[in-house]
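The next block holds one structure in the form of structure tokens; read it before the comments.
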Amino acid sequence: MNLLDELRTHRLLAIVRGPDPAAALTAVLTVAESGVALIEVSMTSADALGVIRRARAALGPDFALGAGTVLSAEDAHAAADAGAGFLVTPAIAPSLAEGGRLGLPVLAGALTPTEVVQAVDGGAAAIKLFPASLGGPDYLGALRDPFPGIAFVPVGGVDADGARRYLDRGATAVGVGSPLLGDAVRGGDTTALRERAADFLAAVRP
């Protein structure tokens, strides 16, 4: 899977993290059915590997399903074994190099210019600008000047309005967790989740 192409095409990455494995799986399938084509399941979720495994079985081998909050080499292997097609990290971590060894693209977390350089040198397919809320769209715009060829994906506090502002400032895509998933990961209203998914998809549409 070419993660960078997927990010450029779809422009929205849904981040599923929750305490209830059954609800998390339902949330994954609901956002996928709503048209969200890039989804990560955080390894901090309850039974994250089980959720990834069942989601992969339901969505098929070609769906862009990844594992998030992957820090260790061991977690990278476990995520790959469960069916993750890409890895997402919150920082520069051993999972970045391990993802390369496993042949999995990595969306690597970075905030400062130094971290951006380190992540790219480490083989990151794109940069997860995290936590994006610290600097907002203006900070992304400032980073784009010295790094015009790097793909940035802001994550952290991105709502539908913010998604458009980040994309206008040069983001390749945005990553969205609770503003999209809401209480669905705890067994909440999936109808409301579908409505939020539609709002985000409209916000990222070119």
- Task: Taking the dipole about the Cα centre of the chain, with the C-beta of Lys and Arg at +1 and of Asp and Glu at -1, give me whichever of LEU7, ALA151, VAL204 is farthest to the positive side.
- Result: VAL204
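Which FRET efficiency value, to the nearest 0.05, do you get for TYR139 and ASP161 by plugging their Cβ-Cβ distance into 1/(1 + (r/R0)^6) with R0 = 22 Å?
So, using R0 = 22 Å, E works out to roughly 0.85.
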- Task: Could you work out which residue, out of GLU74, GLU98, GLU40, moves most in a Gaussian network model of the chain, that is, has the largest mean-square fluctuation with Cα springs under 10 Å?
- Result: GLU74
- Query: Applying the Karplus parametrisation 6.51 cos²θ - 1.76 cosθ + 1.60 with θ = phi - 60° to the phi angles of region 163-175, what ³J(HN,Hα) value in whole Hz is obtained for each residue in order, glycine and proline being reported as x?
  - Reply: 4, 5, 5, 5, 5, 5, 8, x, 5, 6, 7, 10, x
- Message: Please list, ordered by chain and number, the residues whose modelled amide H lies under 5 Å from the amide H of VAL174; skip anything fewer than 5 residues away on the same chain.
- Response: LEU12, LEU13
- In 10 Å bins starting at 0, how do the alpha-carbon pair distances of region 9-75 split up by percent? 23, 58, 19, 1
- Item | Phi to ³J(HN,Hα) by Karplus 6.51 cos²θ - 1.76 cosθ + 1.60 over region 189-206, Hz, x for Gly, Pro | 5, 7, 5, 5, 4, 4, 5, 5, 4, 4, 5, 5, 4, 5, 5, 9, 5, x
- Item | For region 31-145: Kirkwood Rh in Å [reciprocal of mean 1/r, alpha carbons] | 14.5 Å
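Expected output is a single nm value to one decimal: the length gained when fully extending between ASP168 and THR9, i.e. 0.36 nm times separation in residues minus the C-alpha distance. What is it?
Value of the extension gain: 55.7 nm.
If you roll a 1.4 Å probe over the heavy atoms of the protein chains, what accessible area per residue do you get for the chain, in Å²?
For the chain, the solvent-accessible area averages 41 Å² per residue.
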- Query: HN-Hα J couplings of region 119-126 from phi, Karplus 6.51/-1.76/1.60, θ = phi - 60°, integer Hz, Gly and Pro as x?
  - Reply: 5, 5, 4, x, x, 4, 6, 7
- Item | Taking N as its residue count, the alpha carbon Rg of region 114-206 over 2.2 N^0.38 Å | 1.17
- Note on the structure: Taking 28-37, 81-90 and ranking on average Cβ neighbours within 10 Å, highest first, one gets 81-90, 28-37
- May I ask you to give the percent of accessible area on the chain that is carbon plus sulfur, with a probe radius of 1.4 Å? 52 percent
- How large is the convex hull of the Cα atoms of the chain per residue, expressed in Å³ as a whole number? 97 Å³
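The values are calculated or read from the model by the stated rules, or taken from the named source; none is laboratory data. It should be emphasised that the depicted structure is a prediction, and the values quoted were computed from it without experimental measurement. Using ideal geometry, Cβ is built from the backbone for each residue, glycine included, and neighbour counts are taken over all protein chains shown. Surface areas here come from the heavy atoms of the whole protein model, side chains and all, with no ligands, DNA or RNA. Shrake-Rupley method; radii C 1.70, N 1.55, O 1.52, S 1.80 Å.
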